[in-house]
Amino acid sequence: MINNYPAKQKQNLADAAAQIQQLLQQLEQSYPNATEIEKQSALAVTLQQEIKQNPTFKDRLINAFREGGIEALKVLFGPIGIPIEMVKGWIEAEAS
């Protein structure tokens, strides 16, 4: 897949993706025997908490969403199976 995003947008996406990857690794350590559905549920809850508690993470997601729209969300969340509309809803609710 070739992404032709501007440099700033790529950095926002990279920063958000790195934080999400870090959360995934923490969850893997906390729940090593969880099923895929349990992991997705735990990640969804963790992401929602992180959005509420971490202004920097929230800002990165909001900026990535504003700059890249739904395609940015697909890049960030597609591989981990979090429903795009759910994440979009969190971001829009937090941004308003």
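Just so it is clear, none of the values below were taken in a lab; they were calculated from the coordinates. Bear in mind that the values here come from a model prediction, so they are computed numbers and not experimental data. Cβ placement follows ideal geometry from the backbone for every residue including glycine, while neighbour counts extend to all protein chains displayed.
Structure above, values below:
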item: Peptides 43-52, 61-70 ordered by average Cβ neighbours within 10 Å, highest first; result: 61-70, 43-52
item: Qualifying aspartates and glutamates (Cα of each under 16 Å from Cα of Lys52; at least 8 residues distant if same chain); result: Glu92, Glu94
